Every structure is written in C-alpha cells, then in structure tokens.
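Engineer: Please find one structure pasted underneath; my questions will follow.
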Amino acid sequence: MNMKVRLAIMNFLEFAVWGAYLTCMGNYLGTAGLGNQIAWFYAIQGIVSIFMPTLMGIVADKYIQPQRLLGLCHFMAGAAMLGCWWIGVQAGFGQEIEHKSAFIAMYSVSVAFFMPTIALTNTSAFTILKDNGMDTVKDFPPIRVLGTVGFIATMWFVNCAVWEDGSFFFSLVDNDYKFQYTYMQFFVSGFLSLVLFLYCFTLPQCKLEKKPNSSLAETMGLSAFRLFKKKKMALFFIFSAMLGMCLQVTNGFAGPFITSFKGCADETIANSFAANNATLLSSISQISEALCILMIPFFLRRFGIKIVMLMSMFAWVFRFGFFGLGNPAMPGVILFILSCIVYGVAFDFFNVSGGIFVDQECEPSIKASAQGLFMMMTNGIGATVGTLAAGEIVNSYCSWHGKYLLGDWQTCWFIFAAFALVVGVSFALVFNPEKK
C-alpha cells in the first residue's frame, strides 16, 4: 500500500478515536449522574496535557520507537475506555452508574494515554516520510486532513447509530438509544483505539537516533521558560493561556445545550432536526476548522500575526454570542450554523498562527521546547482553568432535569462572549510585535 495512504489511515483512526465522544460525552454524563462534573471530565484532558506528552516524548526519543509507543498508548487508552463502557452497561440504559469513582478513574487513565498520541502520531508520520524520501511540508498536510475527516466521521456515526432491543440501525429522528446519548460512544472510541494499536505494528520502523546528553531542564523542555524574560513573549504566552480558556467550553457544553431544547415546551423547537442531532450539527465546526487551515497563509501575508490572532479572539465572541441568540428551529438554527462556521477561525487562526509566531521568534535550540510551552499554556493550563470556570458558571445558571440540562443558557453564553471580548480588546491594546 502507498506509504502516504498508510499514514493517512493512521491519522484517520487517531482522531476518529477522539471524535467518538469529545463533543457528545456531556449528554451521557447527565443521565449517568455525573452531569455536574462535566467540566472536570474536560479539564482532565488539560491537566494530563501539561505533563504526559512530555514524558511520552522522552520515552519515544530514547527507549521505544514512536510508532510502537503510539500503539501501546492506544492499547492502554482503548482498554480503559472500554472499561467506561462496561461500567455503563452494568448500570443499564438511562440509569445512574453505581461505581462513579471507577468510571472517573477509567476515563482519566484513557485520556492520560490518549493525549500524548497526538504528538506521537505527528512524530511517526514525519519520521516515516523522511525515511522514504518525501517532503514533510508538501506531503504531511493532506495526510493530517484525513485526521479531521476521521473526527467528523465518528461524530456522524455516533449521532446516527442506534442500539435498541438487540437491533442496530441508523436514525436522524428522535431516539434515546442513539450512541450520542449512551455509553456506546465509549465502546466506539475504545474499539477504534484497539484497532489502531494493532495497525501501528504494521507501520515501518522509526529507528531511534542517539542524541547528545542534555540537562534535565533541556530534556523536560524547561529551557523555554526563559522566554518569559522578553516582554513580547511573556504577553504572548499569557494571552495564549487566556484564550486557551475558551477552547474546551463548547466541546463540553454545546452538546447538552443544543439537546436541552428537546425539553422545551414548544414542540416545533423540541422536535427540530438540530435538537435531535446535536453531534451532527457540531461537526460543522470541524469541517470549518479543516477549511480555515488553508486560509491562514493568505491572511498572515496580508494582515500580519497580530491582526490574524485578533480575528481569532473576536471569532470566539461570535462563537459564544450566536449560541446565546439562536435556537434549533428556523430561523434561530442559522445562528447555530454561523457559530459552527466561525469556530474554524476561532480555533485555527490562533493555534496555527500562534505556532508560526513562536517558530519565528525563538532561537533554533529551543524551538521545540517553545512549541511545547505554547501548547501547555493553551491546551494545558488555559483549557483546564477555562473549563472548570465555565462549569461553575453553567452549574450556577442551569441544572439537570431528568436527561436535560435546563436553565438560563443565554446568560452563560453571553458571559463567555464577554470574556472573549475583554481578552481581544486587551490584546489589541498591549501586544505590539514588530511588523515583518
């Protein structure tokens, strides 16, 4: 099989594992008696992102070939995710799970081993492409796009797949047995992880290279922290953390929010297509994300790094604001769709352009560490603090009534939009990099 096709399959499976539950997990947690802990489930991803990718990166550099370590991590992540599914099965459909601590522990183990696999997938792909004489700049982007396709594919699958009374079928109409509402989403994720575990051992070897001895600080990537001595970089990383606080808010709460309209007294809204297919609607965000990556080079050349990053910050204002103003029925659903479309700008224009800015501003000896620091500030510290804060806000204005999280959602979204607006205005006033 063509090597690029094999790597594309690897990326497809990598992100398909994540897409099976990331945007719809909140709906199941509500019925399982863990609705008030949704924020913690998403915060765990940020917490483990602070240290697990670094630790696994050290192992991949020195002890285990990255493609093999990728497989082993997926074995652990998949086995633990199937443990979550089994705990749900034991509780029964639509029932609170009895062993909540065991469920949280299984989920934490799964996420702890999954988060490093994103970097390991890139490392494996880059190494294999170079070993086969290919150009990573030219050949990797189409391979990576298949990852987003995989994410979208499993979102659509769990949105439509139904397991009811021993029968499996697909449906777009109202059905409480859809995978997006049940523990079956964890089965899909765990099963795909085990498939990728086996697939990784069919990939070519990525031979370990002997590297010169380095200090513990250099090995752990701590040398990049000296960038905080520069005012420009210190401001950049601080704002990275602040904007990172927005990253997981809609992943955690968009699903329960859209699904909550099924409990609305207005039957037109309750029975609308969007209210019954929240995961499918949310997939527009990932489609937009894939397309917006292609727009970044043009916008960077035309407007520069500061304007592009400001576009991202104000896109978050619209992302949250449209959710606050819309509803699943026409014409309100148009605002939901617009919210999903601007997500591509909100997510990509900061994460990708921010990575480019770090690469341009840092000396070669610490570029890798600086990228790790950028990811830690956004997806680690920022996402963790932001998700927990968002959880407190949602729990203050909304509460679970049966299987629906009902309350003053509009105020919640407007609070999130106001925060993004303050961050954007502050960034515009204080961050002034040299024009290049």
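The values are calculated or read from the model by the stated rules, or taken from the named source; none is laboratory data. Predicted model only: the values in this text are computed from it and were never measured. Every residue, glycine among them, receives a Cβ derived from its backbone with ideal geometry; neighbour counts consider all protein chains shown. For accessibility, only protein heavy atoms count, side chains too; no ligands or nucleic acids. Shrake-Rupley method; radii C 1.70, N 1.55, O 1.52, S 1.80 Å.
Engineer: So between Met330 and Val195, what do we pick up on full extension, going 0.36 nm a residue minus the alpha carbon distance?
Structural biologist: Numbers: separation 135, 0.36 × 135 = 48.60 nm, distance 4.08 nm.
Length difference between fully extended and current span is 44.5 nm.
Engineer: Rounded to the nearest 500 deg cm²/dmol, what is the calculated helix-only ellipticity per residue at 222 nm for the chain, with -39500 (n - 2.57) per DSSP H run of length n ≥ 4? Spell out each step's value before the answer.
Structural biologist: Details: 19 runs with 308 residues, N = 436.
Computed mean residue ellipticity for the chain: -23500 deg cm²/dmol.
Engineer: Can you tell me what percent of all Cα-Cα pairs in the range 93-157 are more than 15 Å apart? It would help to have the intermediate numbers written out before the result.
Structural biologist: On the way: 1439 of 2080 pairs.
Above the 15 Å cut-off, the range 93-157 has 69 percent of its Cα pairs.
Engineer: Counting only protein chains, not ligands or nucleic acids, how are Tyr183, Tyr63 ordered by accessible area (probe 1.4 Å), most first?
Structural biologist: Heavy-atom accessible area, descending, gives Tyr63, Tyr183.
Engineer: Using the Karplus curve 6.51 cos²θ - 1.76 cosθ + 1.60 with θ = phi - 60°, what ³J(HN,Hα) values do you get for each residue of the range 292-302, in whole Hz, with x for Gly and Pro?
Structural biologist: Result, rounded to whole Hz: 5, 4, 6, 8, 4, x, 4, 5, 5, 5, 7.
Engineer: Okay, next question. At 7 Å along Cα-to-Cβ for each site, give me the label-to-label distance between His401 and Val89 in nm.
Structural biologist: Rounded to a tenth, the inter-label distance reads 3.5 nm.
Engineer: Taking a quarter of the surface of the Cα convex hull of the chain, what do you get in nm²? Before the final figure, lay out the partial values.
Structural biologist: Numbers: hull surface 83.6 nm².
For the chain, averaging the hull's shadow over all directions gives 20.9 nm².
Engineer: Follow-up. Taking the full set of protein chains and a 1.4 angstrom probe, give the accessible area of Tyr177 in square angstrom, rounded to the nearest 10.
Structural biologist: 70 Å²
Engineer: For Leu247, enumerate residues with amide H under 5 Å from its amide H, sequence gap 5+ or separate chain, H modeled in the peptide plane.
Structural biologist: Distant-sequence amide H within range of Leu247: zero hits.
Engineer: Another question about this same structure. What relative contact order, as a whole-number percentage, does the chain give when Cα pairs under 8 Å and 6 or more residues apart are counted? All intermediate terms of the calculation are to be shown ahead of the outcome.
Structural biologist: Details: 710 pairs, mean separation 106.9, N = 436.
Computed value for the chain: 25 percent relative contact order.
Engineer: Rounded to whole Hz and in sequence order, give me ³J(HN,Hα) for the range 172-177 from the Karplus expression 6.51 cos²θ - 1.76 cosθ + 1.60, θ = phi - 60°, writing x for Gly and Pro.
Structural biologist: With coefficients 6.51, -1.76 and 1.60, one gets 9, 8, 4, 7, 5, 8 Hz.
Engineer: Same structure again: Counting alpha carbon pairs within less than 8 Å and at least 6 residues apart, what relative contact order, in whole percent, applies to the range 132-197?
Structural biologist: On the way: 35 pairs, mean separation 14.0, N = 66.
This gives 21 percent for the range 132-197.
Engineer: Please list the non-local residues whose amide H lies under 5 Å from the amide H of Glu164, H modeled 1.01 Å from N, same-chain partners needing a gap of 5 or more.
Structural biologist: Residues meeting the criterion, in which the H sits 1.01 Å from N, are Phe169.
Engineer: What is the projected area of the convex hull of the Cα atoms of the range 64-187, averaged over all directions, in nm²?
Structural biologist: Details: hull surface 37.6 nm².
Value for the range 64-187: 9.4 nm².
Engineer: What would the Debye equation give as log₁₀ I(q)/I(0) for the range 285-415 at q = 0.10, 0.14 Å⁻¹, counting only Cα atoms as equal point scatterers?
Structural biologist: Evaluating at q = 0.10, 0.14 Å⁻¹ gives log10 I(q)/I(0) of -0.42, -0.76.
Engineer: Give, rounded to the nearest 20 debye, the magnitude of the charge dipole that the chain has about its Cα centre when Lys and Arg contribute +1 at Cβ and Asp and Glu contribute -1 at Cβ.
Structural biologist: 1600 debye
Engineer: Mind jotting down the three principal axis lengths of the range 1-80 based on Cα atoms? Whole angstrom, largest first.
Structural biologist: So the extents along the principal axes, rounded to whole Å, are 44, 29, 19.
Engineer: Give me a comma-separated list of calculated 3J(HN,Hα) values for the range 261-275, in order, Karplus coefficients 6.51, -1.76, 1.60 applied at θ = phi - 60°, integers in Hz, x for any Gly or Pro.
Structural biologist: So the J values, rounded to whole Hz, are 5, 5, x, 6, 5, 6, 5, 4, 6, 4, 9, 5, 4, 5, 5.
Engineer: Something else: In Å and on Cα atoms, what radius of gyration and Dmax does the range 313-362 show?
Structural biologist: 14.2, 49
Engineer: Further, regarding this structure: Per-residue accessible area for Leu146 at 1.4 Å probe radius, Å² rounded to 10?
Structural biologist: We get 60 Å² for Leu146.
Engineer: Could you calculate the contour length gain from Phe228 to Ile356, that is, 0.36 nm times the residue separation minus the distance between their Cα atoms, to one decimal place in nm? It would help to have the intermediate numbers written out before the result.
Structural biologist: Details: separation 128, 0.36 × 128 = 46.08 nm, distance 1.78 nm.
Contour length minus the Cα-Cα distance gives 44.3 nm.
Engineer: Could you state the per residue volume, in Å³, of the convex hull enclosing the Cα atoms of the range 130-191?
Structural biologist: On the way: hull volume 6.9 nm³, N = 62.
Per-residue hull volume (Cα only) is 112 Å³.
Engineer: Which far-off residues, 5 or more places away or on another chain, put their amide H under 5 Å from the one on Tyr404, with H placed in the peptide plane?
Structural biologist: none
Engineer: Provide Rg and Dmax in Å for the range 236-360, with only Cα atoms included in the calculation.
Structural biologist: 15.9, 54
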